[in-house]
1. So what's the Cα pair-distance distribution over the chain, bin width 5 Å, in %?
2. Quickly estimate the mean residue ellipticity at 222 nm for the chain, helices only: each DSSP H run with n ≥ 4 gives -39500 (n - 2.57), and the total goes over all residues, rounded to 500.
3. Give me the percent relative contact order of the stretch 39-136, please, defined on Cα pairs under 8 angstrom at least 6 residues apart.
4. I'd like to compare 143-151, 52-60: which one has the highest average count of other Cβ atoms within 10 Å, and what's the full order after that?
5. Quick one: helix 116-131 against the long Cα principal axis of the chain, what's the angle to the nearest 10°, folded into 0 to 90?
6. Quick check: the angle from helix 175-185's long axis to the longest principal axis of the chain, C-alpha only, nearest 10 degrees?
7. Would you mind telling me which residue in 128, 119, 99 has the biggest mean-square fluctuation in a Gaussian network model of the chain, where springs connect alpha carbons within a distance under 10 angstrom?
8. Hey, what's the Cα Rg ratio for the stretch 78-187 versus the globular rule of thumb, 2.2 N^0.38 Å?
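Values quoted throughout were computed directly from the atomic coordinates according to the rules given, and no laboratory measurement underlies them. Please read all numbers here as calculations on a predicted model, not as lab measurements. Here the Cβ is made from the backbone with ideal geometry for all residues, glycine too, and neighbour counts use every protein chain on show.
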């Protein structure tokens, strides 16, 4: 497995755009290696998710819908708050690089400069894709229409995040645009 060690080796705790908190400093290379070594876990999770999508709808077919308003409120609030924090911690590096003459290239293609805060919240966001599989459970349990795009999006996004993190793609910085949108979407 070829890692982008140069990108990982140049990660900073403090930079002119953001300073990482102590809890945001972690073993990036070890985490990247873990994602690669245990990729089979991804396939098990995706398999269980698709199993749940198919059989969950069958199980709910002759049952009344659950009223999950209270739980769904806290679910959405938690995901919105998480997205706001991700945006707050990740957008400084994104905007700093975007303001440079080759900003789009720096955001999408180049790993320098890079900060632990951004890296940590990219990882946290990728792991949140596991939690967001629960969105589908709410749709099924409330007997709402589950469109193919919904469950395919969740399965594909989790897969892309996992494999993308394995290769430590610096383009992951752009996901903070996604967290900004999710901040509003979950409210």
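1. 1, 7, 15, 17, 18, 15, 10, 7, 5, 3, 1, 0
2. -22000 deg cm²/dmol, from helical runs alone.
3. 27 percent.
4. 52-60, 143-151
5. Between the helix axis and the principal axis of the chain, the angle is about 10 degrees.
6. 40 degrees
7. Ranking 128, 119, 99 by mean-square fluctuation puts 99 first.
8. Normalised Rg, Cα atoms only: 1.15.
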